[in-house]
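K.L.:
Could you have a look at this structure, given as structure tokens, before my questions?
Nothing in this text is a laboratory measurement; each read-out follows from the coordinates by a stated rule. The structure presented is a predicted model; accordingly, all values stated were derived computationally and were not measured. With ideal geometry, Cβ positions are generated from the backbone for all residues, glycine too; neighbour counts draw on all protein chains shown.
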Amino acid sequence: MLIDSHCHLHDPAFGDVRDTLRTALAFDVYGVVAVGCDPATNIQTIVATTAAPRGVWGCLGLHPDWTHLTDEDLDIVEEQLRAHHPRIVGLGEVGLPWYSLTDAPDAAGLMARGHERLERLLALAARYDLAVALHAPHGAAVGAFEALKRHGIERAVFHWHKAPAEVTRAIVDAGFLVSVTPEVVYRDRDRELVEQVPIESLLVESDGPWKYAGEFAALGTSGPWLVARVAEEVAKIKRLPIEETMVQLSENTCRLFELIWA
Ligand SMILES: [Zn+2]
């Protein structure tokens, strides 16, 4: 039995949460950590957790690469965190911008704004003892790592992690986790990451409804069920039995988000 550690259940691709969970269960995936990206999707995430309280755990966030989000949106997300923190397991998805910097007229300004926002959000995660689901790919990873340490945050995952090996080593040595998506099935970079990182520091995620290439190209949108395939590939790369791999990955997810499961 597995948990998808990062999925956008708020997306219209997932019409009915309970239908989504039923499909996932057929693939041995019994639960989903659902992340939000802005005030509206945070509300939808809370709604998903109430629709299926035993199968969905919520995180509220402000996506760092959604550059249209305003300072008012940040204020609202902070209010949402104050109001809902007893009902959620994490802050996310939050982090630092990266992909949006490419075509930005003022990339340095965008990054500075991203740092300010992350500082404010991490302060709330520390206050309410929430795990943190980070979007901090490539050159954003070091900045996010340093921000976590500044706030004394001990529970965090670098979702769909991509960074130089020495940065990954520092992240894992500090006790943080990194997660891999279905890309691990067909992309060398992700396979090398799995080889490098101890299984105790790994999570699996769909980042659904993201569309993947390789053997998944014909499937269209992804969903929580795909983490079963991710776990199978992790087991192969680690040369571990699949059952043992699934148990360890589930334990890692429960440890990070302090999930109770029987
Ligand atoms: Zn995501």
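K.L.:
If contacts are Cα pairs under 8 angstrom and at least 6 residues apart, what is the relative contact order of the chain in percent?
P.N.:
Averaging sequence separation for qualifying contacts and normalising by length gives 20 percent for the chain.
K.L.:
Nearest 20 debye, what's the magnitude of the dipole of region 2-257 about its Cα centre given +1 on Lys and Arg Cβ and -1 on Asp and Glu Cβ?
P.N.:
440
K.L.:
Once a ≥ b ≥ c are taken as the square roots of the eigenvalues of the Cα gyration tensor of the chain, is the result rounded (a/c under 1.5), prolate (a/b larger than b/c) or oblate (a/b not larger than b/c)?
P.N.:
Judged from the Cα gyration tensor, the chain comes out rounded (a/c under 1.5).
K.L.:
How long are the semi-axes of the equivalent ellipsoid of region 131-251, taking √(5λ) for every eigenvalue λ of the Cα gyration tensor, in whole Å from largest down?
P.N.:
23, 16, 13
K.L.:
On a straight-distance basis, which lysines could pair with Lys236 in a cross-link, Cα separation under 26 angstrom, same-chain partners fewer than 8 positions away excluded?
P.N.:
Of all the lysines, those that pass the test against Lys236 - Cα under 26 Å, at least 8 places apart if same chain - are Lys162, Lys211.
K.L.:
Provide the gained length on full extension for the span Arg22 to Glu72, in nm with one decimal, where the gain is 0.36 nm per separating residue minus the Cα-Cα distance.
P.N.:
Here the segment from Arg22 to Glu72 would lengthen by 14.3 nm.
K.L.:
Exactly which GluC sites (Glu not before Pro) in region 220-262 are in a DSSP loop and have at most 14 other Cβ atoms within 10 Å?
P.N.:
Glu258
K.L.:
Only bridges with both residues in region 2-257 count here: give the DSSP antiparallel percent, nearest 5.
P.N.:
Rounded to the nearest five, the antiparallel share is 5 percent.
K.L.:
Using +1 on the beta carbon of Lys and Arg, -1 on that of Asp and Glu, and nothing else charged, what's the dipole of region 120-179 about the Cα centre, debye to 20?
P.N.:
It works out to roughly 160 debye.
K.L.:
Which residue fluctuates most in the GNM of the chain (Cα springs below 10 Å): Ala123, Ala144, Ala112?
P.N.:
Ala112
K.L.:
Go through 221-231, 25-35 and give me the packing order, highest mean Cβ count within 10 Å leading.
P.N.:
Final packing ranking: 221-231, 25-35.
K.L.:
Please give the peptides 126-134, 1-9, 69-77 ranked by average Cβ packing (other Cβ atoms within 10 Å per residue), highest first, as a rough proxy for protection.
P.N.:
Highest-to-lowest ranking by the protection proxy: 1-9, 126-134, 69-77.
K.L.:
Beta carbons within 10 angstrom, averaged per residue: use that to sort the peptides 44-55, 189-200, highest first.
P.N.:
Peptide ranking by packing, descending: 44-55, 189-200.
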